[in-house]
């Protein structure tokens, strides 16, 4: 499964990149179906947020390194290289730009309901996606 990550470069600019999250663990359920799992991580806290329709935030940083799952509405994020991406219900991304100029956020069809699942302080994307 691929998810989009946006992050800060050393010069303070922000960029998107695709991260592959492999389903490398398997387990059979009681009916014999094979369930496939990614590596896991422990989130320090999870919360649900409703963002109002028409929300438009100028440049800001993510408050924490976190997986954001869009439950309803459409969320749009822009990076400093003028790229813009959108996510709708059932889609997710990794907000990972704690420094630098950050990113912009808009709610296009809302309200947008999202789930924030912060990453632990020692989280290494390389270990999770490997």
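The values are calculated or read from the model by the stated rules, or taken from the named source; none is laboratory data. Given the structure is predicted, the values throughout are model-derived calculations rather than measurements. As a convention, Cβ positions derive from the backbone with ideal geometry for all residues, glycine included, and neighbour counts pool all protein chains shown.
Data overview
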{"read-out": "Any pair with Cβ under 7 angstrom, 6 or more apart, that starts in the range 68-85 at a residue that is farther than 15 Å from residue 101 by Cα and ends at one that is in a loop (DSSP other than H, G, I, E, B) and modelled with pLDDT of 95 or more", "value": "70/88; 70/89; 70/91; 71/89; 72/89; 74/88"}
{"read-out": "Residue in the range 117-125 that is in contact with a strand residue (DSSP E or B) (Cβ under 8 Å, 6 or more places away or on another chain), part of a loop (DSSP other than H, G, I, E, B) and either at pLDDT below 95 or within 26 Å of residue 20 (Cβ to Cβ) (or both) present", "value": "yes"}
{"read-out": "Residues that are more than 26 Å from residue 68 (Cα to Cα) and in a loop (DSSP other than H, G, I, E, B), drawn from the range 27-46", "value": "29, 30, 31, 32, 33"}
{"read-out": "Residue check for residue 49: surrounded by 13 or more Cβ atoms within 10 Å (Cβ to Cβ) and part of a strand (DSSP E or B)", "value": "no"}
{"read-out": "Some residue of the range 97-104 being assigned to a strand (DSSP E or B) and either surrounded by fewer than 17 Cβ atoms within 10 Å (Cβ to Cβ) or within 12 Å of the chain's Cα centre (by Cα) (or both)", "value": "no"}
{"read-out": "Count - residues of the range 4-25 that are without any contact (Cβ under 8 Å) to a residue 24 or more places away in the chain and either out of contact with any strand residue (DSSP E or B) (no Cβ under 9 Å at 6 or more places or on another chain) or surrounded by 15 or more Cβ atoms within 10 Å (Cβ to Cβ) (or both)", "value": "1"}
